[in-house]
Amino acid sequence: MIHLKNTSFSYHGENTFIKDINLDIDKGECILICGMSGSGKTTLSRIINGLAPEYIEGELSGTAITDDLLAGESNLNEYVPIVGSVFQNPKTQHFATTTENEIALVCENLGINPDLIWKRILRLADIYETEHLLNRSLFELSGGEKQQIAFLSAILHEPKVIVLDEITSNLDQTAIKRLSKMIKTLKEKGMTIVLTEHRLAWSLDFVDRYIFLENGVIDSIWSNEEMREMDDLKLHNHGLRTNNLESYRIKINELLNRPATNDGILQTNDLVIGYKDALLKPINISFDRGQIIGILGPNGTGKSTFANTLSGLQAALSGDILWNGKKQSARQMTKRTFVVMQDTNYQLFTESVEEEITLGLDEDTDIKPLLEQLNLTKLRDKHPMSLSGGEKQRVAIASAVQSGKELIIYDEPTSGLDYYHMNAFGKEIKKLASSGIIQIIITHDEELAAEFCDTIIDLSKF
């Protein structure tokens with residue numbers, strides 16, 4: 001089905017990024033490509049789905065065949081009926097304004113009968129339990145909900161191969177369980193599935209082989225059984241996440257709803273968040289200096305809306321935000337707060353990583369220790385928009401660390417990070433906490449929440 005022989009790829013003007021890949025993937029097989037951020041996972045997936053080198057320009061050598069389509073020679077249009085794809089950032093592949101139109105787009109372009117398209121949409125929504133996402137504006141959806149819509153769109157035309165790039169990065173546990181069930185069903189029907197992932201624990205029931213990339217080279221290939229036998233120490237030594245979340249979930253239950261503080265410097269008083277309608281009941285939470293607070297909750301609960309409201313980027317429907325007992329305006333909160341957004345593309349503005357991190361700071365600011373801590377030293381002269389998703393996140397995190405703000409809110413800060421960089425981020429926020437900065441982390445990352453949060457709040461309980 002998929003055959004890669006001596007496959008190498010380099011972006012124009014760069015050193016070889018993918019080097020001498022030799023890999024055969026059988027029909028109906030499910031593989032997971034893992035490795036540290038920037039190791040070449042997404043680039044390899046782009047070769048398999050035909051985006052590189054025709055759309056993602058670069059130099060391809062060797063052979064890359066997907067169902068008789070030869071990368072670099074076959075037209076991208078020929079890949080459309082054969083391969084379905086979900087990108088690391090689903091926003092980059094949305095074209096419609098409503099969920100049904102987005103899901104139906106590929107099928108419409110292939111000329112499939114409209115009645116059949118609608119029947120497929122209803123059937124998939126029933127199987128995947130996403131009826132609540134139909135008849136919605138894409139602009140109203142959370143990041144995790146957009147990922148689910150992108151997945152339905154990618155499989156609606158029933159391709160032979162599906163490529164999923166960090167498909168679980170913004171999904172809650174309920175959505176991941178539904179996705180796992182769906183992938184197992186697709187595999188049973190003979191679909192070939194290629195995953196690139198940092199999260200490993202959810203994949204053990206259906207992945208056949210794990211392809212470990214390091215610096216653009218296949219370092220190891222592990223069977224499902226070999227992956228199950230690896231403990232955290234061995235996985236962490238490879239920069240990989242855990243394959244068993246049980247101990248982390250026990251810790252989260254211990255931290256869940258432990259009061260952040262009784263009388264903190266930052267308080268919400270009957271705060272009601274939403275757009276036209278309230279998303280939750282009035283929120284009364286108190287935070288003190290130096291605390292790291294995890295905010296959990298299902299996709300669509302209102303976590304990002306809460307972050308935007310608390311930081312002054314969005315007006316509250318009612319209620320107050322207090323700082324040291326005094327009511328704060330949106331402008332006052334904006335001055336106090338730095339937000340690392342879920343989509344970091346919205347907050348990268350300069351021509352280099354170094355310029356991005358030092359934006360607005362004194363010229364003599366020493367960022368060398370921070371660059372080393374977040375493994376950004378070799379990237380300091382790179383354009384931020386040329387980086388991988390995980391690398392962009394680390395740049396945004398570094399900017400937050402250097403901002404000097406009293407409150408930092410991270411919205412899914414580790415969705416594209418491997419264990420090594422997740423741990424580096426955790427150490428950095430612990431250091432910031434010791435200086436008295438309040439840090440709020442909106443996350444579905446159970447490893448991060450268990451290891452580094454002082455308390456955890458389930459926003460859906462409001």
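Could you list, in sequence order, the residues of segment 332-380 that are of a type in the set (A, V, I, L, M) and farther than 30 Å from D320 by Cα?
At the first step, the residues of segment 332-380 found to be of a type in the set (A, V, I, L, M) are 333, 339-341, 348, 353, 357, 359, 361, 367, 370-371, 374, 376, 379.
Listed by number, the residues that qualify are L348, V353, I357, L359, L361, I367, L370, L371, L374, L376, L379.
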Every pair of residues 6+ apart whose Cβ atoms lie under 7 Å, when the first sits in segment 108-134 and is small (G, A, S) while the second is open to solvent by less than 100 Å² (accessible area, probe 1.4 Å) and part of a helix (DSSP H, G or I): A125/E131
Hits in segment 372-392 (condition: open to solvent by less than 10 Å² (accessible area, probe 1.4 Å) and either of a type in the set (K, R) or in contact (Cβ under 8 Å) with a residue 40 or more places away in the chain (or both)): L374, G390
Residue within segment 437-449 that is among the hydrophobic types (A, V, I, L, M, F, W, C), open to solvent by 10 Å² or more (accessible area, probe 1.4 Å) and within 30 Å of R46 (Cα to Cα) present: no
Leading residue by the ranking (nearest to the chain's Cα centre (by Cα)) among those in segment 69-108 that are assigned to a helix (DSSP H, G or I), of a type in the set (A, V, I, L, M, F, W, C) and buried (at least 19 other Cβ atoms within 10 Å of the Cβ): I103
Residue satisfying condition, being open to solvent by less than 60 Å² (accessible area, probe 1.4 Å) and within 27 Å of G416 (Cβ to Cβ), within set L279, L348, L313, L322: L348
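Looking at I2, I82, I56, I25, can you tell me which residue is under 30 Å from R394 (Cα atoms) and among the aliphatic types (A, V, I, L, M)? I'd like the intermediate steps shown before the answer.
Values: I2 fails: under 30 Å from R394 (Cα atoms); I82 fails: under 30 Å from R394 (Cα atoms); I25 fails: under 30 Å from R394 (Cα atoms).
Being under 30 Å from R394 (Cα atoms) and among the aliphatic types (A, V, I, L, M) holds for just one of I2, I82, I56, I25, which is I56.
Scan segment 315-333 and tell me whether some residue there is part of a loop (DSSP other than H, G, I, E, B), closer than 17 Å to Q439 by Cβ and out of contact with any Phe, Trp or Tyr (no Cβ under 6 Å at 6 or more places or on another chain). Spell out how you get there, then give the answer.
Start the filter on segment 315-333 by keeping residues that are part of a loop (DSSP other than H, G, I, E, B), which leaves 315-317, 324-325, 328-329.
From the residues that got through so far, the ones that are closer than 17 Å to Q439 by Cβ too are none.
Looking for residues that are part of a loop (DSSP other than H, G, I, E, B), closer than 17 Å to Q439 by Cβ and out of contact with any Phe, Trp or Tyr (no Cβ under 6 Å at 6 or more places or on another chain), one finds none in segment 315-333, hence no.
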Selection from segment 26-48 of residues that are on the phi > 0 side of the Ramachandran plot and either in contact with a helix residue (DSSP H, G or I) (Cβ under 9 Å, 6 or more places away or on another chain) or of a type in the set (F, W, Y) (or both): G28, G35, G38
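The values are calculated or read from the model by the stated rules, or taken from the named source; none is laboratory data. Everything numeric here is computed off the predicted structure, so don't read it as measured data. Cβ coordinates were reconstructed from backbone atoms using ideal geometry, including for glycine residues, and neighbour counts include every protein chain displayed. Surface areas here come from the heavy atoms of the whole protein model, side chains and all, with no ligands, DNA or RNA. Shrake-Rupley method; radii C 1.70, N 1.55, O 1.52, S 1.80 Å.
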